[in-house]
1. For segment 124-180, what is the relative contact order in percent, using Cα pairs closer than 8 Å and at least 6 residues apart in sequence?
2. Note the full-extension length gain between residue 162 and residue 74 as 0.36 nm times their separation in residues minus their Cα-Cα distance, in nm to one decimal.
3. Considering Cα pairs under 8 angstrom that are at least six residues apart, work out the relative contact order of segment 19-72 and quote it in whole percent.
4. Run lengths n ≥ 4 of DSSP H only: what is the helix-derived mean residue ellipticity at 222 nm for the chain, with -39500 (n - 2.57) per run over all residues, to the nearest 500?
5. Pairs of alpha-carbon atoms within less than 8 angstrom and 6+ residues apart define the contacts here; what relative contact order does segment 21-178 have, in percent?
6. So if I take the centroid of the Cα atoms in segment 87-104 and the same for segment 35-53, what is the distance between those two points in Å?
7. Using every Cα-Cα pair within segment 24-163, state what percent have a distance larger than 27 Å.
């Protein structure tokens, strides 16, 4: 009986936790949507880009230590423009790592493959060598292909927030492009 009660309690808690996170769609200029499962305890805000620039979705905690996750889905400007491939995505991420390197504590910023994603994806992580008190210490930045969308992302955290980074990468791996 105790085993069954424990099982039911665990099942109930699992449902309660799952219900807190939600799947949400973000409309894009090309009439498709980016669908993501937002981790429990996170909130979102769409920040519209200036004329001609895509919107960015900002994720922050509802409570607790602050972090920021920025996700920007990039649609193709015209249907005949080819979808970015793995080589192009890796090259773009490498250029971003090279731009960050002078401010990084690490002397080398390896570009890692985002394994488990539906399309090719890459990212790098860096530590700010001199963060100011109101700035974040860690950056994970990259790009992945979600359907025909090139999705860029930046994850900003501080000490003890490795699970935030992991949750953000998992959210991105499971993202989908939804067509009308």
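1. 27
2. On the way: separation 88, 0.36 × 88 = 31.68 nm, distance 2.67 nm.
Using 0.36 nm per residue and subtracting the Cα-Cα distance, I get 29.0 nm.
3. Relative CO of segment 19-72 lands at 25 percent.
4. -8500 deg cm²/dmol
5. Averaging sequence separation for qualifying contacts and normalising by length gives 23 percent for segment 21-178.
6. Each part's Cα centre sits 23 Å from the other's.
7. Of all Cα-Cα distances in segment 24-163, 23 percent exceed 27 Å.
Every read-out reported here was derived from the displayed coordinates using simple, explicitly stated rules and does not represent laboratory data. Just so you know, these numbers come straight off a predicted model, no measurement behind them.
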